[in-house]
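Reading through the structure tokens given below for one structure.
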Amino acid sequence: LNPLECFVHSLTTRDSSFSDNADLPGTLTRRLMFFMRDLCIGYDGTVRNAYGNQLVQFSYNIEDTSPSNGTDGCFDGSAYASGAIGCQPVGSLAACAISEAAYSALDQPISALEASPLLNLKKVLECGVKKSSGDKTASLFLSKKFGRWTHGFEYGALEVQSHLERLLFSDIVSTVMIFFSPQTGTLTHSSPWVCHFHICKEIAKRRRLSVHSIIDALYMNCNPNQVKQKINLPKLQITSKDCNVADMQKENNAAFCITVTTVESSRNSCVQLDTLQDMVIPFLLGTVIKGFSEFKKVDILWKDRPNVSRFHKGSSGELYLRVHMSENCDRTKFWIILMNNCLQIMDMIDWEHSHPDDIHDMSLAYGIDVAWKYFLSSLKSAISDTGKTILPEHLLLAADCLSATGEFVSLNAKGLTQQRKHTSVSSPFTQACFSNPGDCFIKAAKMGVVDDLQGGIDALSWGTVPSMGTGGRFDILYSGKGHELAKPEDVYTLLGSHINSREQNVKVKVTDGHDRMSDRCRIQPLCTYGDIAAKGRKNLEISISKLRSVFSLKDILKLSRELKYILHKYPINHRLSDMDKSIVMMALYFHPRRNEKIGTGFQEIKVGCHTEHENTRCFLLVRTDGTVEDFSYHKCVHHALEIISPSRAKTYQLRWLKGSEGK
């Protein structure tokens, strides 16, 4: 190709790849940032919004949102430690992760048979149909009992589709003709104009329609009590008889004819013809002869099951039906109308998995908890379709952010305004930056609205300190009851003084592990390291029942992570701090040879190298008599698991202590 041809070819390729959605990822990024940029982790471990200190998540740790606690199996159950710290901007991280998936969707090929992954992601984040005139859909899953028969699900899907989908008279009529046929010798005065509707017998058979059912449906629709349109419909006479015209046009008598005449109300022949042509024929062609007028279309689709192995025996997915709402259906009662119209086929549908596709309808029908799980599953599926995989805590935070007020809001300016209104937070500056600055400022000025500039961008724009990072919120909670000082203390002298272990054992009584241990391992100790140092090996026997009542499996796993962190935290031959020393001594209690290790009592604990394994760290216990004894924290954890959870102890041993005698 010459340079000009290459340039034209590149433009054509870019246009066919991006289509009209090239600006959509940027729009989603901007909206996600407006919603989530002020979400950060508080010092108490919760995720909060800088606006009004609104609580969004109780915990950012994925362990606290396991399948048993509400995600309903949306994520893997493997342990995950987020390692997040206070005031970390987790909202911005989640928004960037989702935005990256949106940009990567531009590389996906566009197919006319499948929905665009980018548009699907946009639809999920918008939480339903934006316009009040938009169509709604619902997904119906078939009952498991169809699996007992060959092709049972296929026949069941066709039966449900035939029952619900509306079939108009115009869908089966092939030809409409008007003939002039003067009536003689009849008692009723009928119009000489006769309308012929020719219907293919093959289509009627496939739709399981008979001539009498079609005529009954037409008469039912023509009933004055059923006619809701403001039209003055004349009295009609509908019959079925042999038609010479139909026989001439259809070979082998493959069509039948339904004739419609009007009972003569006017002697003017032209008026009768105009009435039949302009009023009667359009009205009859719009008659629903089967199904329900509220559902314009029912599609039979296939849904793949997630995480199905290729060695799995059986189907990798299932059939389901998507019901589309028609213009005649009340939007607010779509799901209720659908359930009522399925009464005759109620046992053919799996109602535990069937649901409306609009998140607001699902919230009204089943509650916000079910709607939250459905939104989370849809968001994960939409992200997966873009070819990207993001961390589960980002998806959880996005779902919690959009539903923080108890109902889902769409990812647009209207949703942001609605969310701030529910939380009684005034932020005209943010809303003006989102869209229509002039209108927002004028409206806020007329109403006398005050903006406290609680957001990060708001504060930086006006030269104030943002409420995140070192400027984040934190509270000091202290109860002086029972801890009164005997005499005034200089806090700077107290913090600067060096207190050895023996003096601290006398002056400080550690009664609760929450006061001494870091957030990584909040377990209440059975005894303090001062008690062990003073008592040595005596009076340390505690019943297994008490241990199981105090410690849980989660506590032991957290203790293992904390010990590993402490072991690599200090340089070689460095003494542990008092807080870390308390944690290690509590773990040492679980050592199967603790009495031998402690000996006459301990003085210090250091981090050193193993004598037998080069470049391997271990804890060194310095006794009161000057001797040094090393020990493995894996032995402590393993023995603790044997007491608390024997089933996990074997797995832990195979992983960390296999082929090792351990100390």
Note down the nm distance, to one decimal, between modelled labels 7 Å out along Cα→Cβ at Ala254 and at Thr464. 7.9
Sorted by Cβ density within 10 Å, fewest first, the residues Glu614, Glu202: Glu614, Glu202
Could you tally the net charge around Gly286, taking each other residue with its Cβ under 11 Å from the Cβ of Gly286, Lys/Arg +1 and Asp/Glu -1? 0
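Please report Leu11, Leu576, Leu93 as a ranked list, fewest other C-beta atoms within 10 angstrom at the top and most at the bottom. All intermediate terms of the calculation are to be shown ahead of the outcome.
Working: Leu11 10, Leu576 22, Leu93 17.
Ascending Cβ contact count within 10 Å gives the list Leu11, Leu93, Leu576.
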With a 10 Å Cβ neighbour count serving as the proxy for reagent exposure, in which order, fewest first, do Leu416, Leu391 appear? Leu391, Leu416
My understanding is that a pair violates if its Cα-Cα distance is over 32 Å; which of Lys606/Lys650; Lys388/Lys650; Lys123/Lys421; Lys290/Lys373 do that in this structure? Lys388/Lys650; Lys290/Lys373
What does the charge count around Leu411 come to, taking other residues whose C-beta lies under 9 Å from its C-beta (Lys +1, Arg +1, Asp -1, Glu -1)? +1
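Less than 14 Å Cβ to Cβ from Ser363, Lys/Arg counted +1 and Asp/Glu -1: what total charge do the surrounding residues give?
On the way: positive: Lys136, Lys373; negative: Asp357, Asp358, Asp361, Asp369, Glu407.
Spelling it out: positives minus negatives among the neighbours equals -3.
Where a number appears in this text, it was derived from the coordinates with a stated rule and is not lab data. Being a predicted model, the structure only gives us computed values, none of them experimental. All Cβ positions, even for glycine, are placed from backbone atoms using ideal geometry, and neighbour counts span all protein chains on display.
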